[in-house]
1. Just a yes or no: is a residue in the range 183-190 touching an Asp or Glu at 6+ places or on another chain (Cβ under 6 Å) and on the phi < 0 side of the Ramachandran plot?
2. Look at ALA99 and say whether it is within 26 Å of LEU161 (Cα to Cα) and either buried (at least 17 other Cβ atoms within 10 Å of the Cβ) or touching a strand residue (DSSP E or B) at 6+ places or on another chain (Cβ under 6 Å) (or both).
3. Filter the range 207-216 for residues that are over 18 Å from the mean Cα position of the chain (by Cα) and in contact (Cβ under 8 Å) with a residue 24 or more places away in the chain and give the result.
4. Tally the residues that are β-branched (Val, Ile, Thr) and under 20 Å from THR135 (Cβ atoms), restricting the search to the range 76-113.
5. Take the residues in the range 21-44 that are over 14 Å from GLU92 (Cα atoms), under 17 Å from the mean Cα position of the chain (by Cα) and touching a residue at least 40 places away in the same chain (Cβ under 8 Å), then tell me which one is surrounded by the most Cβ atoms within 10 Å (Cβ to Cβ).
6. Take VAL199 and decide whether it is outside any loop (DSSP other than H, G, I, E, B), at negative phi and surrounded by 14 or more Cβ atoms within 10 Å (Cβ to Cβ).
7. So, in the range 115-142, how many residues would count as being in a loop (DSSP other than H, G, I, E, B) and surrounded by fewer than 18 Cβ atoms within 10 Å (Cβ to Cβ)?
8. Within the range 14-24, identify whether any single residue is modelled with pLDDT of 95 or more, under 30 Å from ASP242 (Cβ atoms), touching a helix residue (DSSP H, G or I) at 6+ places or on another chain (Cβ under 9 Å) and of a type in the set (Asp, Glu), and answer yes or no.
Amino acid sequence: MMKFSANLGFLYTHIPLIDAVYAARADGFDAVELHWPYDTDPVALRDALRAAQLPVMSINTQRGDPRAGDMGLSAVPGRSTEARNAIDQALEYAQVIGAKYVHVMAGIATGPRAERAFLAALEYASDQAQKSDQTILIEALNPFDVPGYFLTDTAMAQGILRKLGRGNVKLMFDCYHVARTEGDVLSRLDQVFADVGHVQIASVPDRGAPHAGDVDYRKIFKALQDRGWQAPIGAEFLPGPDGAVDLRFMAL
């Protein structure tokens, strides 16, 4: 049986974050992962996680100013100081709550200057993460949902990893984004598996519960099992209109 991590940036958002932790435990999740939990006291969150006996897979660096269209800062030329501050904040928060990974968000940017900025930010993140034995993630986001995002596909992300050459920087393989941009999820998973640190799932194309849609997650789960994958898989999907979390994917 696969293990699953409730993405609390998508699931249980109608209740406070602390309560969402207990809701995830009650629904049978094996872990949680977060987007931007920074408005919640990390010690209070840590205590709730311990009480619920749920590990944390990942958190994201801050987006910047969402009202201005920011979706991360690390690849945005001229914003290196803000990017480093966001990395420091995320690593510190992650250390308090025991998060395994920090996802460094690239942002809306393009071109050689953006790549240089992103590589510099990741070098900094890698150095800082090494001090506390943490791991950095990068993720390609599809252009339909996030137009203009710097990392557009897993091949580009893998190229960044090769140029960076840091063992503690890995790929967040989001099956939903891969399917929307690159099509054959199983093929891409096979090609990039050595670089994968975390896996996320949702149905395609509506980003609903993973048991439905165009991607056959039975095949994805079997491929992961065949490769010895044991970590919880991130359930990053949209709940029902009433906030209900459809758990049928757990039985695939």
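The values are calculated or read from the model by the stated rules, or taken from the named source; none is laboratory data. Given the structure is predicted, the values throughout are model-derived calculations rather than measurements. All Cβ positions, glycine included, derive from the backbone under ideal geometry; neighbour counts span all protein chains shown.
1. So far as the range 183-190 goes, yes, one or more of its residues are touching an Asp or Glu at 6+ places or on another chain (Cβ under 6 Å) and on the phi < 0 side of the Ramachandran plot.
2. yes
3. HIS211, ASP214, VAL215
4. Residues in the range 76-113 being β-branched (Val, Ile, Thr) and under 20 Å from THR135 (Cβ atoms): 5 in total.
5. Only one residue tops the list, namely GLU33.
6. Criteria met by VAL199.
7. Final tally of qualifying residues: 2.
8. Yes, the range 14-24 contains a residue that is modelled with pLDDT of 95 or more, under 30 Å from ASP242 (Cβ atoms), touching a helix residue (DSSP H, G or I) at 6+ places or on another chain (Cβ under 9 Å) and of a type in the set (Asp, Glu).
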